[in-house]
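**Student:** Below are the C-alpha cells for one structure; questions will follow.
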Number of protein chains: 2
Amino acid sequence: MIASSPGKAIIFGEHAVVYGRHAVVSAINLRCYVKAEKSNDFRIISHFGKTGLDFRGEHAYISYAIKRFSESFSIRGVRIEVRSQIPPASGLGSSAAVTVATLGALNAEFEAGMDREEIFELARKVELDVQGIGSGTDPFVSTYGGGWIIPEKRKFSSNVEFGVINTGIESITSEMVRKVRELKEKYPELVERIMDSIDQVALEGARALENGDVTKLSLLFKINQSLLRAIGVSTPEIDRIVADVELSGHSAKITGAGGGGCLLTTGEGDFRIKLSAEGVRVEDFEDWREPYNRQV
Amino acid sequence: MIASSPGKAIIFGEHAVVYGRHAVVSAINLRCYVKAEKSNDFRIISHFGKTGLDFRGEHAYISYAIKRFSESFSIRGVRIEVRSQIPPASGLGSSAAVTVATLGALNAEFEAGMDREEIFELARKVELDVQGIGSGTDPFVSTYGGGWIIPEKRKFSSNVEFGVINTGIESITSEMVRKVRELKEKYPELVERIMDSIDQVALEGARALENGDVTKLSLLFKINQSLLRAIGVSTPEIDRIVADVELSGHSAKITGAGGGGCLLTTGEGDFRIKLSAEGVRVEDFEDWREPYNRQV
C-alpha cells in the first residue's frame with residue numbers, strides 16, 4: 001500500500017517558538033510517498049540508496065518508524081520504497097513527512113487500524129529516537145495537515161501561495177538552535193526582547209495569512225527575516241539573496257532553522273508552494289508517476 | 001575669530017531614542033571650522049557658495065544662528081566663512097556642528113561672553129527654527145563634546161575607533177522618522193518590542209564601548225543593524241554593503257536616520273573616526289590649512 005504525507009513550512013516564528021513564543025506553520029502541497037509491501041526481510045529503497053534497517057544512516061527515520069510500529073504490530077519483514085517531492089535538509093519537514101508516510105503505509109499494508117492520533121504519537125517517538133530533542137510540530141503538521149498557530153494549535157486557513165528559494169546551503173538545525181541558545185545565555189534581556197518582537201510578527205502574520213493580505217505578509221517577511229538576522233541565523237549569502245529579492249519589489253525570509261536551507265518569498269522562487277489542508281492519507285494508485293502528474 | 005565644533009556619531013539606538021529608549025552618541029574628531037569677522041553687512045561663504053542671510057537655503061543653520069545671536073547682542077553685520085571636515089547630510093551632525101561653531105565664532109568675535117550652556121541653548125533654538133522638530137542631541141554633543149548615553153546624559157569614554165562607509169545615498173532624516181512613525185502606528189505592539197530590543201542593544205553597547213570590547217561591539221553592530229532593517233530604515237543597497245563587510249569578518253550599521261548616509265563599521269571604511277572629548281572651542285590660528293594639517 002502507498003501512503004503519503006505533506007511537508008511543512010514555518011511561515012513565521014522559527015527559533016522564537018523554542019522560547020515559548022508563537023509560530024505559524026502549515027502543511028504544504030509537496031508530499032512524501034511511501035509504499036510498504038509485506039516481505040520476509042527489511043528493505044528500504046529511496047533516492048539515498050538501498051539499505052536494510054539503517055538506524056544511524058540516511059534511513060534512520062524510516063528504520064525507527066518500522067521499529068516503533070513493530071512494537072505494537074508484530075511483522076516479519078517489509079519492503080519500503082520512498083519517493084519524495086520535498087527537498088531534504090531544507091527546513092520543509094522532509095524527515096517528519098517520510099516518518100508519517102511510512103507509518104501510514106505500514107498501517108495500511110498490515111491493516112493495523114491506527115487512527116491519526118496513534119500515527120502522530122508514534123511519529124513523535126521516532127522524532128525523539130533520531131534527534132534526541134524535537135518540538136513535535138513537524139510530525140503533528142505532517143499527520144494532520146492544515147495551518148496551525150502554535151503553541152495553542154489554533155487552526156487557520158489561507159489561500160496564499162509562496163515561492164521557495166533553495167539556497168543550496170545545508171542547514172543544520174541543531175547547530176542553529178545551539179547558536180541562538182548561546183546568544184541568549186550571553187545577552188538574555190536583549191534576546192528575550194527580540195523573541196517578543198518575533199512573537200508579535202507571528203501574531204500579525206497569522207492575521208495577514210487568513211486575510212490573504214500579501215502586502216502585509218511581504219512587510220512581515222522582511223521584519224521576521226531582520227529579526228532572524230539579529231539572532232545570528234542568517235548569513236551574508238542569504239542576506240544578499242534577500243537584498244536581490246527586495247530590489248525586485250518582494251521580500252524573503254528563512255523558513256526553518258536558517259544558516260542555509262530554504263527561503264520563503266512573496267515573489268517568484270525556484271518553485272512554488274501552496275498551503276495544504278491534507279495530512280497523511282492512503283493513496284489508491286499503484287503507479288508511482290501518478291502523484292507527480294496529479295495536481296496535489 | 002575662528003571657532004570649531006565637532007560632528008557626532010550615533011553609535012547605538014537611533015530611531016528608538018525618539019520613542020524614549022536609550023541611545024549612545026559621541027562627538028567625533030571631525031570638526032567644522034567657522035571664521036566670524038565684523039562687517040557692515042551679512043555674508044556667508046561655504047563650499048555651498050556665497051550668500052547673504054539665507055534662511056531657506058543651504059545656509060539656513062548659519063543664518064538662524066546669526067539671527068538668534070543678534071537677538072541678544074546687537075550687531076551691524078558679519079562675514080562668516082565655513083570649512084568643514086564633516087560630510088553633509090550623512091548622519092554625522094554637520095548641521096549642528098556648523099550651528100555651534102558659528103555661535104562660538106560670533107561669541108568670540110563680538111566678545112559676547114556666552115558660556116557653553118548659553119551657546120547650547122541658542123543652538124537648540126536654531127535646530128528648532130530650521131527643522132521644526134529635533135531632540136537637541138546634536139547641538140548638545142557638538143557643544144560639550146564627549147560620549148553620552150541618552151536620555152540620561154550619562155557620560156562615557158572609549159578609545160575605540162570606527163571606520164565610516166559613506167553610502168553616497170542622501171539620507172533624509174524627516175522622511176525616515178516619518179516612515180518609522182507610520183510603521184509604529186500600524187503595528188504598535190510589534191514596533192514597541194523592536195524598540196525595546198534596540199534599547200537593550202544600546203545599554204550593552206555602552207558597556208562594550210567603555211570596555212573596548214571590539215568583538216562584542218561587532219556583534220551588537222550586527223544586531224542593531226538588523227533591528228534598524230526590521231523598522232524599514234535600511235535599503236537593499238545598504239544590506240549588500242553590510243553583507244560584504246560581514247564576509248570580510250567585520251560588521252557595519254547605519255549611523256543616524258538611515259535610508260542612506262553613513263555606516264559605521266568595525267572594519268576599514270572610507271575614512272576612520274575617533275570618539276572625541278572636545279566640544280566647541282575658539283581656535284588660535286588664522287591659517288585655514290592648520291586644522292587639516294593638525295591631528296585633531
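The values are calculated or read from the model by the stated rules, or taken from the named source; none is laboratory data. These numbers were taken from a predicted model, which means no experiment stands behind them. All Cβ positions, glycine included, derive from the backbone under ideal geometry; neighbour counts span all protein chains shown. These accessible areas exclude ligands, DNA and RNA; they are computed on the full protein's heavy atoms, side chains included. Shrake-Rupley method; radii C 1.70, N 1.55, O 1.52, S 1.80 Å.
**Student:** Using 0.36 nm times the number of residues separating A:E170 and A:I133, minus their current alpha carbon distance, what extension gain do you get?
**Tutor:** 11.4 nm
**Student:** For A:V78, list long-range residues whose amide hydrogen, built 1.01 Å from N in the peptide plane, is under 5 Å from its own amide hydrogen.
**Tutor:** A:S39, A:D41, A:F42, A:R43
**Student:** In the Gaussian network model of chain A, springs joining C-alpha atoms below 10 Å, which of A:R178, A:R68, A:R207 carries the largest mean-square fluctuation?
**Tutor:** The residue with the greatest mean-square fluctuation here is A:R178.
**Student:** Taking H placed 1.01 Å from N in the peptide plane, check which residues at least 5 places from B:Q85 or on another chain put their amide H under 5 Å from its amide H.
**Tutor:** Result for B:Q85 returns B:R31, B:C32, B:Y33.
**Student:** Testing the spin-label approximation: label points 7 Å from Cα along Cα→Cβ at A:N159 and A:R116. State their distance in nm.
**Tutor:** Going by the 7 Å Cα→Cβ label model, 2.3 nm.
**Student:** Which lysines, if any, have their Cα less than 26 Å from the Cα of B:K38, not counting same-chain residues under 8 positions apart?
**Tutor:** Those lysines meeting the cut-off are B:K50, B:K67, B:K125.
**Student:** If you take the accessible area of B alone plus A alone and subtract the pair, what total do you get in square angstrom, rounded to 100, with a 1.4 Å probe?
**Tutor:** 2800 Å²
**Student:** Follow-up question, since we're still on this one. Among the GluC sites (Glu not before Pro) in the stretch B:103-132, which ones are in a DSSP loop with at most 12 other Cβ atoms within 10 Å of the Cβ? Mind listing them?
**Tutor:** B:E111
**Student:** Can you give the FRET efficiency for B:E152 and B:K186, using 1/(1 + (r/R0)^6), R0 = 30 Å, r = Cβ-Cβ distance, to the nearest 0.05?
**Tutor:** 0.50
**Student:** Using the alpha-carbon centroid of each, what span in Å lies between the stretch A:170-229 and the stretch B:1-61?
**Tutor:** Taking the Cα centre of each part, the stretch A:170-229 and the stretch B:1-61 sit 39 Å apart.
**Student:** Next question, about the same structure. Return the residues of the stretch A:191-206 for which accessible area with all protein chains present is lower than in the chain on its own by 50 Å² or more; set the probe to 1.4 Å and exclude ligands, DNA and RNA.
**Tutor:** A:R193, A:Q200
**Student:** Then there is this: In the structure shown, do any of B:K186/B:K216; A:K155/A:K253; A:K184/B:K179; A:K253/B:K186; A:K222/B:K253; A:K155/A:K222 have a Cα-Cα gap over 27 Å, and if so which?
**Tutor:** As for pairs spanning more than 27 Å Cα to Cα, those are B:K186/B:K216; A:K184/B:K179.
**Student:** How compact and how long is the stretch B:36-161, expressed as Rg and Dmax of its alpha-carbon atoms in Å?
**Tutor:** When restricted to Cα atoms, the stretch B:36-161 yields Rg and Dmax of 14.6, 46 Å.
**Student:** Taking each full run of DSSP H in chain A as one helix, which ones are at least 18 Å long along their axis (Cα atoms) and have mean Kyte-Doolittle hydropathy of at least 0.5?
**Tutor:** A:94-109, A:214-230
**Student:** Using a 1.4 Å probe on the protein heavy atoms only, what accessible surface does A:H250 show? Give it in Å² to the nearest 10.
**Tutor:** Taking all protein chains as shown, A:H250 has close to 80 Å².
**Student:** What residues qualify as long-range amide H neighbours of A:I28, i.e. H under 5 Å apart, gap of 5 or more or another chain, H built at 1.01 Å from N?
**Tutor:** A:G7, A:K8, A:A9, A:S276
**Student:** Roll a 1.4 Å probe over the protein chains and send me the accessible area per residue for the stretch B:1-150 in Å².
**Tutor:** Accessible area per residue: 37 Å².
**Student:** Cα gyration tensor of chain A, axes a ≥ b ≥ c as square roots of the eigenvalues: rounded (a/c below 1.5), prolate (a/b > b/c) or oblate?
**Tutor:** prolate
**Student:** Cα-based Rg (one decimal) and Dmax (whole number) for the stretch A:1-83, in Å?
**Tutor:** So, for the stretch A:1-83, Rg and Dmax equal 16.0, 47 Å respectively.
**Student:** For the protein assembly as shown, what Kirkwood radius comes out of the mean inverse Cα-Cα distance, in Å?
**Tutor:** 26.7 Å
**Student:** If you project the alpha carbons of the stretch B:164-296 onto their three principal axes, what span does each projection cover, largest first, in Å?
**Tutor:** Computed over the Cα atoms, the extents are 55, 32, 27 Å.
**Student:** Using each residue's phi in the stretch B:84-92, evaluate 6.51 cos²θ - 1.76 cosθ + 1.60 at θ = phi - 60° and report the 3J(HN,Hα) Karplus result to the nearest Hz, with x for Gly and Pro.
**Tutor:** 10, 8, 9, x, x, 6, 10, x, 9
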